[in-house]
Amino acid sequence: MKKLFAFLLVLISSVVMAQGNDAEVKQFLDLFTAKIKTLDVGKIEPHYEEGYFKTLSESAYFDKDTHIGLTSLYQECMGKDEATMKQFINRFFEKHKELKVQRREIEAKMDDFNFIQPYLKIRVFSEDLLSIYSDHAITKFTHEGLLEVVVLDLPIGIGSLEKKHLATWKKSEEDIYQLAKTNTIKALNQKFEKAETAKTGEVFYLLADDMDLFITSAIFDLKKAGLPVGKHGTVFSVPNHTVLVAMPLDDPAKADGFILNFMGLTDYMNQSPETKPVSNNLFWYNGKEVFLIKKDIPNKKFIYPAAMKAALQ
């Protein structure tokens, strides 16, 4: 887990290509383009200034019409000597070649439900992505603003799951969703950690990892994830794909001000350009159930759910 012990406004960050100096970027691209010219990767459309290239034909390394990102590779190479950079670049292509072979092997087994079942999981995305998944994927909304999508967590990486397989498996969408949820919860193994106490008194906790693609799926079992519950419950949010943020409520007299500050923090993290936004919604957890805290923006106030109002009395 990527531990954050600085104040929360210091966001989880990842360095993008644009942040490197021009000489370093040029060296990386020179080595990368020199290597790609020696390989039969088919026709490509370079978008190196944007951190990727697009494949225009099939090859032993890539499928056709695929965007291949280079940012992670660049991050690995940044600050390394030329020999090490070459090793990382070589490994990049070797890995993609191996992954393509493995994908074909998986595709040949898609009709075998007993084989596929252990790989079913659920990822949590922003509700804004519903149009991308609604036609072909199994989706659900349990909490407002949080889109749940059933995927395949394969040894080669995360794969999409299309509803067309349901007829072959003789399973309903709900069957698959529940199996995926069980698998997801079973695999959860990270715990919230105390991050910082603000000068105004708020205590913040994080469940954060910018490498775990299922970190936001901890929403399915907050107790297992160790979400701390205050005397009057806990406010939490899922601002982006790398983190859940929580703030226990122990003093009802300070709740409004603390939650206002928490909303500002959530908005800030939700808008971070280094991460993928999920939701700026705020939720309240009493140790058993999750409730949405609605916002009355024009009147600058929160609309607390009845159970939360009672807990704050």
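The values are calculated or read from the model by the stated rules, or taken from the named source; none is laboratory data. Source: prediction; values computed, not measured. Neighbour counts run over all protein chains shown; Cβ positions are idealised from the backbone, glycine included. The protein model used for the area step is the full one, side chains on, heavy atoms only, and it has no ligands, DNA or RNA in it. Shrake-Rupley method; radii C 1.70, N 1.55, O 1.52, S 1.80 Å.
Quick notes on this one:
- Residue check: residue 200 meets all listed conditions (1) in contact with a helix residue (DSSP H, G or I) (Cβ under 9 Å, 6 or more places away or on another chain); (2) open to solvent by 60 Å² or more (accessible area, probe 1.4 Å); (3) farther than 20 Å from residue 262 by Cα but one, namely (3).
- The residues listed here are 259, 293, 303, 297; of these, the one that is surrounded by fewer than 15 Cβ atoms within 10 Å (Cβ to Cβ) and touching a strand residue (DSSP E or B) at 6+ places or on another chain (Cβ under 6 Å) is 303.
- Subset of the range 130-145 [crowded, with 18+ Cβ neighbours inside 10 Å and part of a strand (DSSP E or B)]: 139
- Enumeration of residues in the range 146-175 that are modelled with pLDDT of 95 or more and part of a loop (DSSP other than H, G, I, E, B): 170, 171, 172
- Filter pass, residue 138 being out of contact with any Asp or Glu (no Cβ under 7 Å at 6 or more places or on another chain) and either among the charged types (D, E, K, R) or in contact (Cβ under 8 Å) with a residue 24 or more places away in the chain (or both): no
- Residue check: residue 50 meets all listed conditions (1) open to solvent by 50 Å² or more (accessible area, probe 1.4 Å); (2) modelled with pLDDT of 85 or more; (3) farther than 23 Å from residue 217 by Cα but one, namely (2).
- Scanning the range 225-255 for residues that are aliphatic (A, V, I, L, M), in contact (Cβ under 8 Å) with a residue 12 or more places away in the chain and either open to solvent by 30 Å² or more (accessible area, probe 1.4 Å) or over 30 Å from residue 129 (Cα atoms) (or both) yields 229, 249, 255.
- In the range 13-38, the residues that are modelled with pLDDT of 50 or more and open to solvent by less than 40 Å² (accessible area, probe 1.4 Å) reach residues that are not charged (D, E, K, R) and not in a helix (DSSP H, G or I) with C-beta atoms within less than 6 angstrom, at least six apart or across chains, in these pairs: 20/78.
- Total residues in the range 182-211, condition touching a residue at least 60 places away in the same chain (Cβ under 8 Å) and more than 11 Å from residue 244 (Cα to Cα): 11
- Residue 198 satisfies every condition listed in (1) under 25 Å from residue 239 (Cα atoms); (2) in contact with a Leu (Cβ under 6 Å, 6 or more places away or on another chain); (3) of a type in the set (A, V, I, L, M) except (2).
- Taken together, the criteria place residue 84 among residues that are over 26 Å from residue 149 (Cα atoms), open to solvent by less than 70 Å² (accessible area, probe 1.4 Å) and more than 21 Å from the chain's Cα centre (by Cα).
- Cβ separations smaller than 6 Å between residues 6+ apart or across chains give the following pairs from the range 115-129 residues that are under 14 Å from residue 280 (Cα atoms) to residues that are open to solvent by 40 Å² or more (accessible area, probe 1.4 Å): 126/277.
- Residue check for residue 103: among the charged types (D, E, K, R), open to solvent by less than 80 Å² (accessible area, probe 1.4 Å) and assigned to a helix (DSSP H, G or I): yes
- Residue count, the range 75-98 (criterion: within 16 Å of residue 27 (Cα to Cα), at pLDDT 85 or above and either part of a helix (DSSP H, G or I) or in contact with a strand residue (DSSP E or B) (Cβ under 8 Å, 6 or more places away or on another chain) (or both)): 10
- Qualifying residue in the range 207-226 (condition: of a type outside the set (Ser, Thr, Tyr), part of a strand (DSSP E or B) and touching a strand residue (DSSP E or B) at 6+ places or on another chain (Cβ under 8 Å)): yes
- Selection of the range 119-129 for residues being open to solvent by 60 Å² or more (accessible area, probe 1.4 Å) and either of a type in the set (Gly, Ala, Ser) or touching a Ser or Thr at 6+ places or on another chain (Cβ under 8 Å) (or both) yields only 127.
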